[in-house]
Amino acid sequence: EIFLDRQQSMAASAMVVAAAKKKKKKKKDKALKVSSLLPSCYGCGAPLQTSETDAPGYVDPDTYYLKKKHRQLRTVLCRRCRLLSHGHMITAVGGNGGYSGGKQFVSAEELREKLSHLRHEKALIVKLVDIVDFNGSFLARVRDLAGANPIILVVTKVDLLPKGTDLNCVGDWVVEATLKKKLNVISVHLTSSKSLVGITGVVSEIQKEKKGRDVYILGSANVGKSAFINALLKMMSYKDPVAAAARKYKPIQSAVPGTTLGPIQIDAFLGGGKLFDTPGVHLHHRQTAVVHTEDLPALAPQSRLRGQTLPNYQVASEKLMADQIQSMGLNAFSIFWGGLVRIDLIQVLQETSLTFYGPKALKIHTIPTEEADEFYKKELGGLLTPPTVREKADGWMGLETVRKLQINYDNIERPVCDVAISGLGWICVEPVNKKLVGTSNLAGKPSAGGVLVMTVRVPKPVEIFVRAPIPVGKDGGEWYEFRELTEKEEEVRPKWYF
């Protein structure tokens, strides 16, 4: 009897201990679940709050408690997102260049921290790159964020490329540029969120590669992630009722870098896995980090790019200057691209031309180099914009980064390189422009190599990239050369679609 009593008491105490452990674990799990599902604004991902009106995620207290009572906090849009959706320019990422900082800002380090968990999870990464700013928007440390996860590379805004561009050539150029980055890219897609070109291909690739994993949309600030997600949900909604329901509460999109402040979870798939819109990684080396908020729309091309080629004798400001350029080319001349870029041409051929691809709002001015410093001081905020207002021009840092380029060429019949300005566009350098010279004049010329020398000046944090020329326009398809590949290279090379 004593033995049986002891056994019964031991069994009872074991049950009590097990129940206590189970309760403790359940409580811990519940706490974790609650913290991860903190109510956030569906437009920008910022946690909802009712105390600070200037900070992200602010909601009127009456609205907040009414929605909370009816369990509808996931349908709430914060005050900042409402202003953005009505066209107000409210900056989000601070601490660089023209940004003054404040309660509504989050730093680039915080944005990276929010994505740091990705490299430890099994996920599918959809990485976005802007074709107009390919080098500037290609995240340099994307491997730190993605880890070993597979990457679908989506090139956005291809509808902005000049008329007559052969996308076969552009696709091959993008793959060649991506291979140098040594990333786990499984496919490349040329897309336009505005015209929905190429979005269907991305949807089918995601469905094929997802395999129950979460899908994260990554990219630099203002690369078009929210617009891409809206286009993605639109295409998916035709067949998937879950995606159709998700379209009702889609992320806010605006011209402001860093509109999305926190990861936004979207229930977009019928099977397992979620879709996440992530905050744009703010890159300090882009022009958008330097200019004032009011000038941001001027840096975003709204329509198809049209290259502006110099020298252009028809639009030379003075007859004397036109004659001078015609006799000696662009040597000893400086070209201003708005108030943001200055190029001094030191040693070029008489027939050398530069073609500028970027926002139409930035005007181009040619001036003799000896007069360039005085011209810049006098016309900044006037002829040279951005900065657009004289008062802002007084506090402008100027073009402090100076890079001297020595460009070797071995063939005068094709462009030698692109000089890409981070966050703005690119300048195509041609040793001899066929249109200016004429093919008959070119026939007798040897295609031997030489050197072009120029100096490029930009604001201090902005980066300058010298890269292989991107084949745009009708001429691009003529001079672009496809690289011959071995069978092994063909096998491992990512495929591209448009």
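Take the Cβ atoms of Ala14 and Leu270, set R0 to 51 Å, and the FRET efficiency comes out at 0.70.
Express the accessible area of the stretch 324-399 per residue in Å², computed with a 1.4 Å probe while the remaining protein chains stay in the model. Walk me through the intermediate numbers first.
On the way: 3260 Å² over 76 residues.
Using a 1.4 Å probe on heavy atoms only, each residue of the stretch 324-399 averages 43 Å².
Kirkwood hydrodynamic radius of the stretch 336-425, from the reciprocal of the average inverse Cα-Cα distance over all distinct pairs: 14.8 Å. Listed peptides 138-145, 151-158, 62-69 appear in the order 151-158, 138-145, 62-69 once ranked by packing, highest mean of other Cβ atoms within 10 Å at the front. Residue separation of Thr455 and Lys23 scaled by 0.36 nm, minus their Cα-Cα distance, works out to 148.5 nm of gained length.
Model label points for Ala361 and Glu491, set 7 angstrom from Cα along the Cα-to-Cβ axis, are 5.1 nm apart. Site pair Leu38 and Lys180 shows an inter-label distance of 4.1 nm when each label is modelled 7 Å from Cα along Cα→Cβ. Per residue, the stretch 126-182 exposes 31 Å² of accessible surface when a 1.4 Å probe is rolled over the protein heavy atoms with every protein chain present. Remark: spin-label model distance Lys163-Glu52 equals 5.0 nm, labels positioned 7 Å along the Cα→Cβ axis. Were the residues from Arg6 through Tyr238 laid out at 0.36 nm apart, the gain over their Cα-Cα distance would be 76.8 nm. Stretching the chain fully between Phe482 and Arg74 yields a gain of 141.9 nm (0.36 nm per residue, less the alpha carbon separation).
The values are calculated or read from the model by the stated rules, or taken from the named source; none is laboratory data. Just so you know, these numbers come straight off a predicted model, no measurement behind them. No Cβ is skipped: glycine too gets one built from the backbone with ideal geometry, and neighbour counts run over all protein chains shown. Surface accessibility is based on the protein's heavy atoms, side chains included, excluding ligands, DNA and RNA. Shrake-Rupley method; radii C 1.70, N 1.55, O 1.52, S 1.80 Å.
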